[in-house]
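One structure is given here, and the rest of the page talks about it.
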Amino acid sequence: MRYLTFALTKGRLAFKTLELLEQIGITCEEMKDKDTRKLIFVNEELKLKFFLAKGPDVPTYVEYGAADIGIVGKDTIMEEGRKLYEVLDLGFGRCRMCVCGPASAKVYLRNNQLIRVATKYPHIAKDYFYNQKNQTVELIKLNGSIELAPIVGLSEVIVDIVETGSTLRENGLEVLETICPLSARMVVNPVSMRMENERITDLIQKMKALVEKN
Amino acid sequence: MKRLIHTPEGVRDIMAVECDKKRYLEHKIDKLFRSYGYQSIQTPSMEFFDVFAKEVGSIPSRELYKFIDREGNTLVLRPDFTPSIARAVAMYFNQEDMPLRLSYRGSVFQNNTSYQGRLKESTQMGVEFINDGSVEADAEIIALAVQTMQRAGIKDFQVNVGEVNYFQSLVEEAQLDEEIITELKQLLDIKNLFGVQELIEKQNLRKDLEKALAQIPSLFGNADVLDTAYSLTQNERAKNAVLRLKKIYELLKFYGCEKYVTFDFSMLSKYSYYTGIIFQGYTYGTGDAVIKGGRYDGLLEKFGKKAEAIGFVTEVDSLLNAIERQKLQLPVKDIKTMVLYPASLEGLAIRFAADHRAQRMEVACVRFEAGHVLDDYSEYGKRNQFGGIIYFRSEKEVYAINLSTGETESVDVSRYL
């Protein structure tokens with residue numbers, strides 16, 4: 001039997017995924033060891049391999065078939081725009097992709113003038129402003145602490161993930177528009193889906209049952 | 001000035017063993033196509049933009065390489081062979097109503113920026129079978145697709161077959177809104193089974209129709225799914241689509257190809273010109289299908305000839321990657337021979353080489369330059385895929401050196417003296 005390889009997003013998403021997998025009898029003891037320096041973990045019994053990767057890299061691994069299955073946030077899938085099967089909404093890691101800014105910035109979104117938008121997600125922001133709102137904007141790509149941009153005057157608004165909104169409130173910002181809801185998704189390589197259809201479909205069915213129960 | 005000697009992103013040089021392997025594979029596939037009576041056709045790399053315009057249903061305009069000629073026409077580098085061949089057939093075979101079998105090989109160009117690491121120029125080989133709308137034509141083309149994989153030496157592969165009419169007729173019967181259809185297609189495209197179910201349940205459809213549509217993503221697998229698909233619907237057109245696949249499957253048994261074929265009713269193609277069966281060939285080692293094809297009975301009409309047609313394309317570069325990554329061997333050997341001679345024996349060396357070339361050997365003459373030793377030439381030979389050296393030390397002393405084993409034996413060249 002061939003190994004099925006999972007690419008998991010480092011951090012909370014991987015932790016939650018392992019919890020779910022454990023409930024359907026898939027364990028990976030090696031991975032629980034916090035001090036390990038191993039990069040790849042194997043379950044010989046079930047012929048499974050796991051590795052951790054940075055979020056934006058997970059769709060890449062899956063697209064090229066280096067991993068058969070990936071667990072990754074919908075935001076990353078949308079931003080990367082890769083050719084994958086997005087087979088299941090895992091229901092955890094729920095949040096929203098939003099346009100945020102000070103309340104005074106609301107007016108900029110109404111009259112379609114050129115504004116500056118800071119974001120970690122230039123593709124999502126571009127698609128939203130250009131194709132859905134028909135507004136020309138100047139995109140500024142940042143790599144973290146996006147909330148800072150409108151405060152220091154780098155941009156009028158930002159496009160970012162909002163979970164509870166507390167960071168926004170503390171900094172005098174608010175959600176101006178919601179782009180779409182987000183959550184963790186299970187993605188599958190199209191070739192693997194066909195060549196290993198039985199094993200993967202079985203896994204999806206079990207995961208789905210579990211997600212519904214939770 | 002610093003010179004740019006690397007290639008632009010997305011295009012590459014192929015050489016040495018890799019190039020030999022590619023040529024070998026292309027030759028094998030070409031021979032297969034010929035064995036089915038396909039004749040070669042070459043179309044130009046550039047065409048008028050209209051050949052690939054939106055109505056044709058090929059690649060989106062922004063992924064085309066476009067430029068303007070002296071008269072102001074927009075030209076494109078072909079991104080896909082089928083529309084080019086359809087145009088050529090409409091031009092040269094307008095009155096022909098008997099079957100035409102054409103095969104092609106060449107580069108296609110896709111300006112696809114979002115997939116870093118993907119080639120923008122890649123080699124495709126394919127066939128088009130025109131003026132034949134029969135089930136037999138469908139089966140022949142699928143059998144050829146299966147055999148293309150086999151000729152490449154691949155053992156673990158599948159050819160997935162779908163029928164666009166099944167999905168389309170159900171959607172038409174359900175009278176879904178354009179927006180819902182788009183959403184449904186998107187969900188099917190990412191094989192989101194549960195997303196499809198939820199969307200369909202919200203539409204308040206007739207129960208049997210709801211069940212059939214919600215089941216489409218799971219209609220995947222061996223010939224048994226044909227019976228399931230047939231029993232799910234009362235729609236005449238959908239039933240006919242399944243019956244056609246059944247007939248194709250029966251015919252494929254005569255070719256001995258049926259065990260490589262699976263069925264998938266949720267398969268959608270990014271080319272909207274397909275009107276009947278569509279299929280894709282998959283194997284390990286590439287993230288995407290290496291063979292893509294289908295029936296396109298409406299495409300030629302867009303170029304002024306009413307004709308039914310079916311064809312497929314093989315992505316040669318992806319197929320080579322798959323062969324490489326599955327550690328399969330293409331029998332490309334180092335069989336070139338180096339005739340190594342001192343300047344004084346050039347006449348002898350040239351006569352010797354010419355005689356062996358006439359016997360279909362691959363022979364390169366290399367002059368032994370002062371300042372080098374024999375080992376330099378052995379290394380040089382190994383770097384450049386030579387299998388052996390015929391070393392002319394003098395008229396009397398001639399040795400054959402096998403570069404892979406290092407064995408040396410003397411050769412009698414008296415008849416060339």
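Worth a mention:
- Average beta-carbon neighbours from other chains, 10 Å sphere, peptide B:283-295: 3
- Among the DSSP helices (H) of chain B, those spanning at least 15 angstrom by Cα along their long axis with an average Kyte-Doolittle hydropathy of -0.5 or more are B:81-92, B:135-151, B:164-174, B:178-189, B:236-255, B:346-358; this is a geometric and hydropathy rule only.
- Cα gyration tensor category, rounded, prolate or oblate, for the range B:53-175 with a/c compared to 1.5: rounded
- Note: relative contact order over the range B:336-416, using C-alpha pairs below 8 Å and six or more positions apart, is 31 percent.
- Euclidean distance between Cα centres, the range A:5-82 to the range B:32-58, Å: 42
- If R0 is taken as 60 Å, the Cβ-Cβ distance between A:I40 and B:T74 corresponds to a FRET efficiency of 0.75.
- Cα gyration tensor shape for the range A:95-181, rounded if a/c is under 1.5, else prolate or oblate: rounded
- The protein assembly as shown, helix-only ellipticity at 222 nm - DSSP H runs n ≥ 4, -39,500 (n - 2.57), divided by all residues, nearest 500: -10500 deg cm²/dmol
- For the range B:271-335 versus the range A:89-114, the gap between their alpha-carbon centres in whole angstrom: 43
- Counting only other chain Cβ atoms within 10 Å of each residue's Cβ, the peptide A:84-91 averages 4.
- Helix A:12-23 and the longest principal axis of the C-alpha atoms of chain A enclose an angle of approximately 30°.
- Backbone amide hydrogens, once placed in the peptide plane, bring A:R116 within less than 5 Å of A:E138, A:E156, A:V157, excluding anything fewer than 5 places away on its chain.
- Alpha carbon convex hull of the range B:120-163, projected area averaged over orientations, nm²: 4.6
- Annotation for B:R34 and B:D224: the two label points, set 7 Å from Cα along the Cα-Cβ direction, are 4.4 nm apart.
- DSSP bridge pairs, the protein assembly as shown: antiparallel proportion in percent, nearest 5: 70
- Extending 7 Å from Cα along the Cβ direction at B:K336 and again at B:Q359 yields two label points whose distance is 2.1 nm.
- Each of B:D50, A:D202 was scored by other Cβ atoms within 10 Å of its Cβ. Listed from fewest to most, they are A:D202, B:D50.
- 0 to 90° range, to nearest 10: angle between helix A:197-213 axis and chain A longest Cα axis: 60
- FRET E, pair B:F49, B:R237, Förster distance 25 Å, beta-carbon r, rounded to 0.05: 0.15
- Net charge, A:K32 excluded, C-beta distance under 13 Å - Lys, Arg +1, Asp, Glu -1: -4
- Antiparallel content of DSSP bridges confined to chain B, in %, to 5: 75
- Inter-probe distance in nm under a simple model that places probes 7 Å from Cα toward Cβ, at A:S104 and B:Q186: 3.6
- Seen from B:E173, the other residues with C-beta closer than 11 Å to its C-beta sum to a net charge of -1, counting Lys and Arg as +1 and Asp and Glu as -1.
- Selected from A:V152, A:V162, A:P122, residue furthest toward positive end of dipole (the range A:95-181; charges at beta carbon): A:P122
- Taking B:K191, B:K336, B:K396 in turn, the Gaussian network model of chain B (Cα-Cα springs below 10 Å) assigns the largest fluctuation to B:K396.
- Considering only B:G276, B:A86, B:L328, and ranking their Cα positions along the charge dipole of the protein assembly as shown that arises from unit charges at the beta-carbon of Lys, Arg, Asp and Glu, the one farthest toward the positive end is B:L328.
- Judged by the ratio a/c of the largest to the smallest principal axis of the C-alpha gyration tensor, the range B:336-416 counts as rounded, that ratio being less than 1.5.
- Between A:G55 and A:K10, the built amide H atoms are under 5 Å apart, and every one of these is 5 or more places off in sequence or on another chain.
- Summed side-chain charge close to B:G311 - residues other than B:G311 whose Cβ falls under 12 Å, Lys, Arg +1, Asp, Glu -1: -4
- Magnitude of the charge dipole, the protein assembly as shown, Cβ model with Lys/Arg +1 and Asp/Glu -1, debye to 20: 620
- DSSP finds beta bridges in chain A, and of those with both partners inside it, around 60 percent are antiparallel.
- Dipole axis of the protein assembly as shown (+1 Lys, Arg; -1 Asp, Glu on Cβ), positive-most option in B:S266, B:L219, B:A370: B:A370
Only the coordinates and a few stated rules stand behind these numbers; no lab work does. Since the model is a prediction, treat every value here as computed from it, not as a measurement. Cβ: placed from backbone, ideal geometry, glycine included. Neighbour counts: every protein chain shown.
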